[in-house]
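Notes to accompany the following structure.
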Amino acid sequence: MSTTESTSRFHKTPPDLTNQSDMRQLASPALSQMFGKGVGKAARRRSKLAVTSEGRRAGAGTYAILIITILVFLIPLYVAFSIASQDSTATQYGLPAMIPGHSLLRNLGRAFAAMSFWKALAGTFFVATVVSISTVFFSTLAGYSFAKLHFRGRNVLFLLVIGTMTIPQQLSVVPLYIMANKAGLFGSLWAVIIPGLVSAFGVFWMTQYLQDALPYELIEAARVDGCSMFRTFISVALPAARPAAAMLFLFTFIGQWTNYFWPMLILGPNKNSMLTVAAATLKGAYFTDYTIVMSGVVLTTLPLIVLFFFAGKQLVSGIMAGAVKG
């Protein structure tokens, strides 16, 4: 036996401990010795199937489902862009509408002027921002109270809050309309803002999150340091609830941006104050030019698309952080 062969025999390349397959190969004999041959066979089978700690690797079926899901959500948006780009009302139906035209910018300009876009954009952004901030603050405050404070009737009040989620929005429209009219808010953006300052879903979501994410020890430590109840909420509860609050802010903002039913009823003559209602005014009384209507839809959706384009990674990371509690 030559010196080279002897050296290679006793100096084999060590396994790469960062490689998961090598780790499984090392683990299988050890598991067989410690727990029996059955466990070792299961470990080897797991290695052959290329199963990671996060689960089985995505196969063709998984990608097919994801692609179909993406198409289901993207096709209506594509149809809106395609119809908005047509140069004639004769080609806004059927197969020709699926082929983009060359008049997108011209139709967008027409819709831009008819909607008073900048006024509608400012009003929509104001309503969505105020409602989202208010919902996050009051929902977190109520969630902290329900999750960590002990007071008489806590469970009954929480059940009442959850019970309001079962009431359809349409049932509360008439009382809200009457109250807004008597308060002199008809046609004002505040009539849209005030009913959405807090949501039952937000209270439920923040309560469930803070029950596990906020230990009692932190609250007790803050109280020992001399913090008042509200100071404890600001300094301890709010930072702990930040991931869930970010997700709640995101979905509340999108919900208010796309809100149509209540603003359409209460804004009255000021329908150009919000994008969704302003886009609905593009529909004619006797004839509807869907090229300009879809242009209004595109202008309404475009700011949200830009938002996700620039802040999508941060938003998704916030949602994932909110999904992991503890």
Arrange the following residues from fewest to most other Cβ atoms within 10 Å of their Cβ: L265, L275, L214. L265, L214, L275
Dimensionless Rg/Rh of region 181-257, both radii on Cα and Rh by Kirkwood, sits at 1.13
Which chymotrypsin sites (Phe, Trp or Tyr not before Pro) in region 242-295 sit in a loop by DSSP (not H, G, I, E or B) and have at most 14 other Cβ atoms within 10 Å of their own Cβ? Y260, Y286, F287
Taking 0.36 nm per intervening residue step and subtracting the Cα-Cα distance, what contour gain separates E220 from L105 on full extension? 35.4 nm
Report the convex hull volume per residue for region 206-310, counting only C-alpha atoms, in Å³. 147 Å³
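Computed from the coordinates by the stated procedures, all read-outs in this text should not be read as laboratory data. Every value quoted in this text rests on a predicted model; they were computed, and no experiment measured them. Every residue, glycine among them, receives a Cβ derived from its backbone with ideal geometry; neighbour counts consider all protein chains shown.
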